[in-house]
Amino acid sequence: MPEAGERAEAVSEAEVTVRDAISAPDAQGEPRRTTRRFPLFTRDTARPEGGGRAAPGDAPAPARQWPILTVLSTVALGLLLTALDVFRVGTILIGVALLAGAVMRWTLPSVGMLAVRSRFTDMVTYSVLGVAIVVLALMAQPQPWLEIPFLDDTLHFTVR
C-alpha cells in the first residue's frame, strides 16, 4: 500500500481527468470543480438579469445608459417643478417616471443600471413606489384631485 506522499506524486505525474462539470480557470489557470451546493461565503455578486448595456459598447456612455438617464431626468424635472411651487404636477411626474422605469424594465432586454435586482423585483418595486407617489400626489391637500371616502372615515375614527 503506497503512503500519502507517494500517492501525491503519482497523482501529480499522471494526467488528471475530471468527469464532473468544471468552471472557468482560477487565478492559477487550473479549472475548478463545481458543485450544486451554495458556497458558505459569497466572493462576488452576479449581474442582475437585464443588467447589460442598453446600447453597444462603442457607443458613448450616456447612450449606453439611456434608460436610467431617462428616469432620472424625468425625476429631476419633477423635483424642479415641485421646487417652483407646482407641487402636485411635480410629484405626479416623479411617480410617472418610476412607472416608466417599471415598464422599461419589463419590456427591454437590457436596461443598464436601471437593473438593480431581478426583473420581477425591480418591476414590483418601481410600480409600487410609482403608484404610491401618484396616488398620494392626487390626494394632497388643499383641493385634492382624488378623494377616497373610506380614508376620511378612518381618519375621523382614529384622530378626531
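The values are calculated or read from the model by the stated rules, or taken from the named source; none is laboratory data. Computed from a prediction, not measured in an experiment: that's the story for all the values here. Note that we place each Cβ from the backbone using ideal geometry, even for glycine, and neighbour counts take in every protein chain shown. Just so you know, the surface numbers come from the protein's heavy atoms only, side chains and all, with ligands and any DNA or RNA stripped out. Shrake-Rupley method; radii C 1.70, N 1.55, O 1.52, S 1.80 Å.
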*Evaluate the following for PRO109: is it without any contact (Cβ under 8 Å) to a residue 24 or more places away in the chain, surrounded by fewer than 11 Cβ atoms within 10 Å (Cβ to Cβ) and not hydrophobic (A, V, I, L, M, F, W, C)?*
no
*Just one of (1) among the hydrophobic types (A, V, I, L, M, F, W, C); (2) at pLDDT below 90; (3) open to solvent by 70 Å² or more (accessible area, probe 1.4 Å); (4) within 24 Å of the chain's Cα centre (by Cα) trips up VAL128, so point out which.*
(2)
*asked:* Would you confirm, using the coordinates I've provided, whether VAL135 is modelled with pLDDT of 95 or more and over 20 Å from ALA54 (Cβ atoms)?
replied: no
_Just checking: which of the helices (runs of 4 or more DSSP H) contained wholly in the range 69-160 hold 3 or more residues that are touching a helix residue (DSSP H, G or I) at 6+ places or on another chain (Cβ under 9 Å)?_
87-107, 119-139
*Give the residues of the range 56-71 that are touching a residue at least 12 places away in the same chain (Cβ under 8 Å) and either closer than 17 Å to LEU129 by Cβ or of a type in the set (A, V, I, L, M) (or both), sorted by residue number.*
PRO67, ILE68, THR70, VAL71
